[in-house]
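So the structure is just underneath, and the comments pick up after that.
Rule-based calculations on the coordinates, nothing more; no lab input. Just so we're clear, the structure is a prediction, and the values are computed from it rather than from any experiment. All Cβ positions, glycine included, derive from the backbone under ideal geometry; neighbour counts span all protein chains shown.
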Amino acid sequence: MADRVLVADDEPDIRGVLALYLENAGYEVVEAADGGEALEALQTQQIDLCLLDIMMPVLDGYHVLKQLRETSDVPVIVISAKGQDPERILGLNLGADDYLVKPFNPLEAVARVGATLRRMKGLVARQAAQPEPVATLRVRDLVLDAGACTLTCGGRPVELTPVELRIMTLLMEHPGRVFTKQQLYECGWGDEYVAAENSVMVCMSKLRAKLADDPQAYIRTIRGLGYRLEK
C-alpha cells in the first residue's frame, strides 16, 4: 500500500505541484488548504507524513504541529518562506522532523519525504528488534516506568516527549556514563547524526528544565564530551 502524504498549504499552485510530483513518485496525496483542514485530516485519516506550511489561515502551521504532537508522532516536514534560524529552531522544537524553505525544488521535497519515511520505518524496525527494557528504572529520586512510558521526579510526574523519553531511558540505564551529542541524537531521533547539535542542545535544555530549576542537578554537561546523568 502506498504511503499517504498530507500536503497542507494555502497556495493552490504549491499544493498542485507537490501533489503531482509525489503521485508520480508513488505516494497517495491528501490536500488541505488551511490549518483547520490539515488538523482534521491528521486526526481522522491514516496519514504517514505531513508537509506543513506555516503561514495558513484558520490555524497556522505552528499551532497545528503543537496540537498534533499532543497525540501523534506522525512525521512532519515544515515548509515555509521563513528560513531564519529562530523559525527553524521553533519548528524543530515543536516536533517537526525537517524544515524546507520556500522556494524549493519539488524533487528535493520528494527526496526529503522519502528519506524521512525511511528513517521512521527504520526506527520502528530497530525498536521492534530490541529486547524489552527493564520495567522500572530508578536513579536517585527519578523513577522511569518503561511499560507505562512515565517518569516521576521526587514523586512529581514529568511530562516527556517521545524523544525525551528515549534519551532519559538511555541515561537512566547507564547513570554516571558520559554520552556524546551524537549518541544522544541517534538514540532520541533514530537518525544518523549530521549537523544536529542544536537539536540536541535544545532538547537537553528543555529536559533539564522539566527536572529541576538547577540545570546541572540531574544531567551534567561534561565540556567537550557530552552529558551524563548524575548517580
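Classify the chain as rounded, prolate or oblate, taking a ≥ b ≥ c as the square roots of the eigenvalues of its Cα gyration tensor: rounded when a/c is under 1.5, otherwise prolate if a/b is larger than b/c and oblate if not. Prolate, because a/c is 1.5 or more and a/b exceeds b/c.
Distance between the 7 Å Cα→Cβ label points at Glu108 and Thr180: 2.8 nm. Per-residue Cβ neighbour counts within 10 Å put His63, His174 in the sequence His174, His63, beginning with the fewest. Note on Lys82: aspartates and glutamates with a C-alpha under 20 Å away, same-chain residues under 8 apart excluded, are Asp9, Asp10, Glu11, Asp13, Asp34, Asp53, Asp60, Asp97, Asp98, Glu108. With a threshold of 28 Å on the Cα-Cα distance, the over-threshold entries among Lys102/Lys210; Lys66/Lys231; Lys206/Lys231 are Lys102/Lys210; Lys66/Lys231. Per residue, the chain reaches -13500 deg cm²/dmol at 222 nm when only DSSP H runs of four or more residues are counted, each adding -39500 (n - 2.57). Which helices, counted as full DSSP H runs in the chain, have an axial Cα extent of no less than 27 Å and a Kyte-Doolittle average of -1.0 or above? Both cut-offs are met by 106-129.
Sorted fewest first by neighbouring Cβ atoms within 10 angstrom, Met168, Met1, Met120, Met201 come out as Met1, Met201, Met120, Met168.
This model, with +1 at the C-beta of Lys and Arg and -1 at the C-beta of Asp and Glu, gives the stretch 136-229 a dipole about its Cα centre of some 340 debye.
Using the Cα centre of the chain as the reference point, and only Cβ charges (+1 on K/R, -1 on D/E), how large is the resulting charge dipole? Debye, rounded to the nearest 20.
Details: 25 positive and 34 negative charges, 285 e Å.
Rounded to the nearest 20 debye, it is 1360 debye.
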